[in-house]
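The values are calculated or read from the model by the stated rules, or taken from the named source; none is laboratory data. What you see is a predicted model, and the numbers here were worked out from it, not measured in a lab. Cβ atoms come from the backbone with ideal geometry, glycine included; neighbour counts cover every protein chain shown. Areas reflect the complete protein model, heavy atoms only, side chains present, ligands, DNA and RNA absent. Shrake-Rupley method; radii C 1.70, N 1.55, O 1.52, S 1.80 Å.
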Amino acid sequence: MTQWIAALQRTELGRDAPEAALYRLAQAARPRQVHAGELVLLEGDADHALYIVAEGHVRMVRTSTGGREQVMSIIGPGGHFNTVATFDEGGVPADVVAMTAGVVLCIPRPVVLATLAEYPALAEAFLRALSRRLRALVDIVDELALHSVRGRLAALLLDQAADGGAMAPTHTDLAARLGTVREVISRNLKALEHAGLIRLHRGAIEIIDRDGLRAVAEP
């Protein structure tokens, strides 16, 4: 159980929480091994547990009736998901898919609520986390409504390069992140390459002109 306490301490929820609170959550946590591509949670399911990512990465995805995906967030070690359903007892708000092999901790809703009631500092941490998640969703709405696909693509490439992320994403993955289709991504990548801003080579994307790409991202 010590390793699950350590996993909780890495989260934004548990960094400043009393050790007794984390012990209670870790004691109730049910570890679950997941594999790359595995559907961890299905949108609409009546699952009200809180999930913590102990190892690996997952992504939250909404899918339209036509099959188009919009990635809501990518969550790595120390992250959490299904927080909304934990509090409002509604359905799971989005599909959660494992991007890599890993471990998630499932903490039952009654334990979460009882622990929050006893430890106000942990409740405040939950409120801060939900507020940050809400801000991130507002930013997604802003980008989808007010920015072109090319501008959003340029911003995403800059973000990935700044984070040290692998710059070899598939067109399908980029489309899911940006709420469009792979054909549109292909056209815009070629346009950025033609403009001398990036170089495409064997599936990898290299940024050539960072300032020029930033100008596209921030018209």
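Brief remarks on what is shown
- The C-beta contact set for the range 125-137 (first residue open to solvent by 100 Å² or more (accessible area, probe 1.4 Å), second residue of a type in the set (D, E) and not in a helix (DSSP H, G or I), distance under 8 angstrom, 6+ apart or interchain) comprises R128/E12; R132/E12.
- Per the conditions (1) under 20 Å from the mean Cα position of the chain (by Cα); (2) over 18 Å from A6 (Cβ atoms), the sole criterion not satisfied by E124 is (1).
- Filter result (hydrophobic (A, V, I, L, M, F, W, C) and in a loop (DSSP other than H, G, I, E, B)) within the range 177-192: V181
- Residues that are under 16 Å from A123 (Cα atoms), at pLDDT 80 or above and not acidic (D, E) within the range 7-31 comprise L8, Q9, T11, P18, A20, A21, L22, Y23, R24, L25, listed in sequence order.
- Among residues of the range 60-81, those that are open to solvent by less than 70 Å² (accessible area, probe 1.4 Å) and out of contact with any helix residue (DSSP H, G or I) (no Cβ under 8 Å at 6 or more places or on another chain), counted: 8
- Number of positions in the range 24-58 that are touching a Cys at 6+ places or on another chain (Cβ under 7 Å) and surrounded by fewer than 17 Cβ atoms within 10 Å (Cβ to Cβ): 2
- Single residue of A21, A121, A114 found to be over 30 Å from E183 (Cβ atoms), open to solvent by less than 40 Å² (accessible area, probe 1.4 Å), of a type in the set (A, V, I, L, M) and not in a strand (DSSP E or B): A21
- Members of the range 193-219 that are part of a helix (DSSP H, G or I) and under 25 Å from V61 (Cβ atoms): A217
- The residues in the range 171-219 that are surrounded by 17 or more Cβ atoms within 10 Å (Cβ to Cβ) and under 12 Å from A154 (Cα atoms) can be counted, and the count is 13.
- In the set (1) surrounded by fewer than 20 Cβ atoms within 10 Å (Cβ to Cβ); (2) of a type in the set (A, V, I, L, M, F, W, C); (3) in contact with a helix residue (DSSP H, G or I) (Cβ under 7 Å, 6 or more places away or on another chain), V92 fails one condition alone, (1).
- Of all residues in the range 176-206 being at pLDDT below 80 and among the small types (G, A, S), the one that is nearest to L137 (Cα to Cα): G179
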